[in-house]
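Worksheet: the structure to be examined is printed underneath.
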Amino acid sequence: MADVTAAIAYLRSPLAIRARCETIFDAALAGALGHFTVDLGALPAVVDRVVAVTRAAYPDLRIPVHGRINHFRAGGIDRASELDTRLAALSPDDRTRTWIDLIVVSVLLDAGAGDAWCYREPGTGAVLVRSEGLAVASLRAFEAGVFSSDPARPLRADAAGLAALDPDRLAAAFQHGPDNPLTGFAGRVELMHALGVAIAAAPRVFVAGRPGGLIDHFDAATSASAAPGAGIDATAILGTLLEGLAPIWPGRIELGGANLGDVWRHPAAGGAGPSAGLVPFHKLSQWLAYSLFEPLERTGRTIAQPGALTGLPEYRNGGLFIDLGVIVPRRAEIRAAVHAPGDEVIVEWRALTVALLDRVAEAVRQRLGKTPAELPLACVLEGGTWAAGRAVARDLRPGGGPPIQLRSDGTVF
């Protein structure tokens, strides 16, 4: 049992994500993968595109972390400031609890919208798609009290409200229906229900039965650490999320009865013992961790070791490498077929993406004259690889969809 416990802890670490992805990357360089080869000669073109996109968007190179709050400003409308104004009477920590409530549900509802869905924002008339559309839809749903069990306190999410979330109410909030289908909608509803149950079951992590209780958990853990004043360690943020959210992921691999979440099998993964052959990614949980940096830092708390987390293996970052010829499919049907998240070809693609993002980040820093502390990976993603992946996809395909077709259940990408 000790071996299983150690394997679970390892698979929940950024160290394991990088190690297993690097093993698969080494196999690619040796020509030993079944679905892709890697052409490092094409990598400078990726770096060029990322640098160009970054300089255009952030000419002063003051690049934010790749977090959810950025999406609330889609279309040039600063909805984040509007919400801050509504929260002005609260204490700084209560404002942060509210922001964390919103960010947790918004990120977990963001696993790919599909090509057919859009959100028409009431009041502004803005028509938004994909991540920005999901962000604004979730913000407006939050403001309407969709995730709260207390009608007198709509600006919150809590265990009871999430566990009892009405699918029809969520569908109306996201404008989901036959003429405007949101990919994986049923999976998103189930995820919210499971989130409510998980929050109630983990009062030490989600203090007072809210996602926003994470701030109290982090404060308690920081004050009990051997180095008080060192800040909230980024890996501890991720570890806490992976522990607290473990039960919510549907139909995933388990070890010792523990749900591993965004962890998949690949024959080139390597390893030994109970974790052998398993590749962790934890994409949504890592993006959630990145998204918590800003609200925590607003209150004067600091984030230690932000660069310890990895790149996000989703279709924008991964698509950039395929579209610009770094990751090369071995067969035409890889692009033509529709793949599930656990398919070997998708695990392979995502692992190569993680390994390549580290290499792109280092090259981008050299080009921009920045150190890892000045330009952590989370800022390279925002600057960055995600935006470049989207721009290239728009240039190559109507609607800007991914180069490989994904069957989403609303909980991975």
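So R18 ticks every box in (1) outside any helix (DSSP H, G or I); (2) surrounded by 15 or more Cβ atoms within 10 Å (Cβ to Cβ) but one. Which box is left unticked?
(1)
Would you confirm whether any residue within region 220-233 is open to solvent by less than 10 Å² (accessible area, probe 1.4 Å), under 19 Å from L288 (Cβ atoms), touching a residue at least 12 places away in the same chain (Cβ under 8 Å) and not β-branched (V, I, T)?
Within region 220-233 (the criterion being open to solvent by less than 10 Å² (accessible area, probe 1.4 Å), under 19 Å from L288 (Cβ atoms), touching a residue at least 12 places away in the same chain (Cβ under 8 Å) and not β-branched (V, I, T)), the answer is no, since none of the residues qualifies.
Having 3 or more residues that are more than 24 Å from A201 (Cα to Cα) is the bar; report the helices (runs of 4 or more DSSP H) wholly within region 56-165 that clear it.
On the way: elements: 79-86, 92-108, 130-143, 159-163.
The helices (runs of 4 or more DSSP H) meeting that bar are 79-86, 130-143.
Being in contact (Cβ under 8 Å) with a residue 60 or more places away in the chain, over 19 Å from the mean Cα position of the chain (by Cα) and more than 16 Å from L241 (Cβ to Cβ) is the filter here, so list the residues in region 175-218 that pass it.
Residues satisfying the conditions are N180, P181, A186.
Does region 148-156 contain at least one residue that is in contact (Cβ under 8 Å) with a residue 40 or more places away in the chain and either open to solvent by less than 20 Å² (accessible area, probe 1.4 Å) or among the β-branched types (V, I, T) (or both)?
So in region 148-156, the residues in contact (Cβ under 8 Å) with a residue 40 or more places away in the chain come out as 155-156.
Filter once more, so that each one left must be either open to solvent by less than 20 Å² (accessible area, probe 1.4 Å) or among the β-branched types (V, I, T) (or both): none.
Checked against the condition, which is being in contact (Cβ under 8 Å) with a residue 40 or more places away in the chain and either open to solvent by less than 20 Å² (accessible area, probe 1.4 Å) or among the β-branched types (V, I, T) (or both), region 148-156 yields no hits at all.
Looking at (1) in contact (Cβ under 8 Å) with a residue 60 or more places away in the chain; (2) hydrophobic (A, V, I, L, M, F, W, C); (3) open to solvent by less than 50 Å² (accessible area, probe 1.4 Å), can you tell me which one I77 breaks?
Result: I77 fails condition (1) only.
Among the numbered conditions (1) touching a strand residue (DSSP E or B) at 6+ places or on another chain (Cβ under 9 Å); (2) part of a loop (DSSP other than H, G, I, E, B), tell me where A42 comes up short.
(2)
Residues of region 369-384 being touching a residue at least 12 places away in the same chain (Cβ under 8 Å) and either closer than 21 Å to S106 by Cβ or of a type in the set (D, E) (or both), which ones?
If the condition is that a residue be touching a residue at least 12 places away in the same chain (Cβ under 8 Å) and either closer than 21 Å to S106 by Cβ or of a type in the set (D, E) (or both), then A378, C379, L381, E382, G384 are the ones that fit.
How do the pairs read when you match residues in region 63-74 that are more than 16 Å from T385 (Cβ to Cβ) with residues anywhere that are open to solvent by 10 Å² or more (accessible area, probe 1.4 Å) and outside any helix (DSSP H, G or I), using Cβ under 6 Å and keeping only pairs 6 or more apart or on different chains?
Taking only residues 6 or more apart or on different chains, the pairs are A74/L128.
Table: residues versus (1) more than 20 Å from the chain's Cα centre (by Cα); (2) within 16 Å of T23 (Cα to Cα).
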site	(1), (2)
G270	yes, yes
L284	no, no
W287	no, no
L292	no, no
T302	yes, no
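The values are calculated or read from the model by the stated rules, or taken from the named source; none is laboratory data. This is a predicted model, so every value here is computed, not measured. Every residue, glycine as well, gets a Cβ built from its backbone with ideal geometry; the counts of neighbours run over all protein chains shown. Please note that ligands, DNA and RNA were not included when accessible areas were found on the heavy atoms of the full protein model with its side chains. Shrake-Rupley method; radii C 1.70, N 1.55, O 1.52, S 1.80 Å.
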